[in-house]
Amino acid sequence: MSVYTPVAEAELDAWLRNYSVGRLQALEPIKAGIENSNYFVTTSQGRYVLTLFERLPASELPFYLDLMAHLARHGIPCPAPIADLADQYLQRLHGKPAALVTRLSGTSIERPGERECAEVGALLARMHLAGRSYGAYLENPRGPKWWRLAAADLKPFLSGEESALLEDELAFQAQHRFPDLPRGPVHADLFRDNALFEEGRISGVIDFYFAGVDCLHYDVAVCANDWCLDANFGLEPARAGALLAAYEAVRPLTPAERAAWPVMLRAAALRFWLSRLHDFHLPRPGMLVHAHDPAHFRTILECRRAS
């Protein structure tokens, strides 16, 4: 959610005439994140988020937008795409694919407790159940195929120690793919900054633009590696227990999923270490760019490998 493409108020006001959302009243760039250009948009009829897709293939965008629309229809508090006057979710702005979605209320929390972890666990399970009736298919775009491509791109930038760790973990993950685990659409990026809370209850889940089809339990591992960290980068037992118990109260895990949990935690750590390395060493020029420290997820991966 960085800003790579500047949008002026006058041009956006003209662009919004393709929608039945009223006239533009305010436009504010969103500075957090690293993938797309995002703006808060306020019109005479409501509050929205405008996204200009900077590098996602146009062929993949219907998967994300239709998934959000599907989940919103099934009661999941996620952004609902707004159709234009031609009944299309996807438009173009500045020559780039662009979409307008509803803006959800609430704020993200920096220090979740057991209650908040239980909230996100239950909502993630509801989201997985709702996704079972979603018919479109897109393999997780940051899954094992991408891991190998990213590792090749990063090879010239890594130290010998980093390269050895990366190659060893890729080899380990290649031997643990779990084709028989329950699969379906996963958010794949449900960190604390992608969940909104109001009065202690979860009010929204945002940023579905890393979604894809993968093992459902991988999605839980992504959450746990962010929501449940202790001071030493391990999983804090009370918060991790609350997240998993609340998830299982909605969608019980299979014995195979329970057995795969340590590997899923390592896979989730590997994916985000790789993506942060990629954004650090191979950044794109942007007007406002927010990059994350790769060392954070390297430490998490090393901790998961040692446990």
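The values are calculated or read from the model by the stated rules, or taken from the named source; none is laboratory data. Quick caveat: nothing in here was measured; it's all calculated off a predicted structure. FYI the Cβ positions are ideal-geometry reconstructions off the backbone, even for glycines, and counts take in every protein chain you see. Just the protein is used for accessible areas: all its heavy atoms, side chains included, with ligands, DNA and RNA removed. Shrake-Rupley method; radii C 1.70, N 1.55, O 1.52, S 1.80 Å.
So which residues in the stretch 87-113 are more than 19 Å from Ala211 (Cα to Cα), open to solvent by less than 70 Å² (accessible area, probe 1.4 Å) and in contact with a helix residue (DSSP H, G or I) (Cβ under 8 Å, 6 or more places away or on another chain), if there are any at all?
Once the filter is applied, which keeps residues that are more than 19 Å from Ala211 (Cα to Cα), open to solvent by less than 70 Å² (accessible area, probe 1.4 Å) and in contact with a helix residue (DSSP H, G or I) (Cβ under 8 Å, 6 or more places away or on another chain), the stretch 87-113 yields Gln91, Leu93, Ser108, Ile109, Pro112, Gly113.
Return the only residue of Leu190, Leu243 being modelled with pLDDT of 95 or more, touching a strand residue (DSSP E or B) at 6+ places or on another chain (Cβ under 8 Å) and within 29 Å of Lys31 (Cβ to Cβ).
Working: Leu243 fails: touching a strand residue (DSSP E or B) at 6+ places or on another chain (Cβ under 8 Å).
Being modelled with pLDDT of 95 or more, touching a strand residue (DSSP E or B) at 6+ places or on another chain (Cβ under 8 Å) and within 29 Å of Lys31 (Cβ to Cβ) holds for just one of Leu190, Leu243, which is Leu190.
Only residues that are in a strand (DSSP E or B) and either closer than 17 Å to Val186 by Cβ or open to solvent by 10 Å² or more (accessible area, probe 1.4 Å) (or both): list them for the stretch 198-213, please.
The answer is Glu198, Arg201, Ile202, Ser203, Val205, Gly212, Val213.
Given (1) within 19 Å of Ala211 (Cβ to Cβ); (2) in contact (Cβ under 8 Å) with a residue 12 or more places away in the chain, where does Pro6 come up short, assuming only one miss?
With respect to (1) within 19 Å of Ala211 (Cβ to Cβ); (2) in contact (Cβ under 8 Å) with a residue 12 or more places away in the chain, Pro6 is out only on (1).
Please give the number of the condition Glu257 fails out of (1) under 30 Å from Ala151 (Cβ atoms); (2) open to solvent by 20 Å² or more (accessible area, probe 1.4 Å).
With respect to (1) under 30 Å from Ala151 (Cβ atoms); (2) open to solvent by 20 Å² or more (accessible area, probe 1.4 Å), Glu257 is out only on (2).
It is to be established whether one or more residues within the stretch 130-140 are at pLDDT 95 or above and more than 25 Å from Pro79 (Cα to Cα). First the steps, then the outcome.
Initially, the stretch 130-140 is screened for residues at pLDDT 95 or above, giving 130-140.
Narrowing the set further to residues that are more than 25 Å from Pro79 (Cα to Cα) leaves none.
No, there is no match, as no residue in the stretch 130-140 is at pLDDT 95 or above and more than 25 Å from Pro79 (Cα to Cα).
So which of Thr254, Thr299 ends up being at pLDDT 95 or above, under 30 Å from Ser37 (Cα atoms) and more than 20 Å from the chain's Cα centre (by Cα)?
Values: Thr254 fails: under 30 Å from Ser37 (Cα atoms).
Going through Thr254, Thr299 in turn, the sole match is Thr299.
Picking from Glu28, Glu35, Glu11, which residue would you name as being farther than 19 Å from Ser203 by Cβ, open to solvent by less than 60 Å² (accessible area, probe 1.4 Å) and not hydrophobic (A, V, I, L, M, F, W, C)?
Numbers: Glu28 fails: open to solvent by less than 60 Å² (accessible area, probe 1.4 Å); Glu11 fails: open to solvent by less than 60 Å² (accessible area, probe 1.4 Å).
The match here is Glu35.
Check whether at least one residue in the stretch 279-286 is at pLDDT 95 or above and surrounded by fewer than 20 Cβ atoms within 10 Å (Cβ to Cβ), and report yes or no. So that I can check it myself, show each step before the final result.
Step one: list which residues in the stretch 279-286 are at pLDDT 95 or above, which gives none.
Looking for residues that are at pLDDT 95 or above and surrounded by fewer than 20 Cβ atoms within 10 Å (Cβ to Cβ), one finds none in the stretch 279-286, hence no.
May I ask you to say which residue of Glu116, Glu139 is in contact with a strand residue (DSSP E or B) (Cβ under 7 Å, 6 or more places away or on another chain) and buried (at least 16 other Cβ atoms within 10 Å of the Cβ)?
Values: Glu139 fails: buried (at least 16 other Cβ atoms within 10 Å of the Cβ).
Step by step, each of Glu116, Glu139 is checked, and only Glu116 is in contact with a strand residue (DSSP E or B) (Cβ under 7 Å, 6 or more places away or on another chain) and buried (at least 16 other Cβ atoms within 10 Å of the Cβ).
Is there a residue in the stretch 71-86 that is more than 30 Å from Ala238 (Cβ to Cβ), in contact with a Gly (Cβ under 6 Å, 6 or more places away or on another chain) and either aliphatic (A, V, I, L, M) or buried (at least 16 other Cβ atoms within 10 Å of the Cβ) (or both)?
Let us first name the residues in the stretch 71-86 that are more than 30 Å from Ala238 (Cβ to Cβ), namely 72-74, 79-86.
Going one step further and asking which of them are in contact with a Gly (Cβ under 6 Å, 6 or more places away or on another chain), we end up with none.
For the stretch 71-86, residues more than 30 Å from Ala238 (Cβ to Cβ), in contact with a Gly (Cβ under 6 Å, 6 or more places away or on another chain) and either aliphatic (A, V, I, L, M) or buried (at least 16 other Cβ atoms within 10 Å of the Cβ) (or both): absent.
Does the stretch 201-216 hold any residues that are of a type in the set (D, E, K, R) and under 17 Å from Ala122 (Cα atoms), and which are they?
Going residue by residue through the stretch 201-216, those that are of a type in the set (D, E, K, R) are 201, 207, 214.
Listed by number, the list holds a single entry, Arg201.
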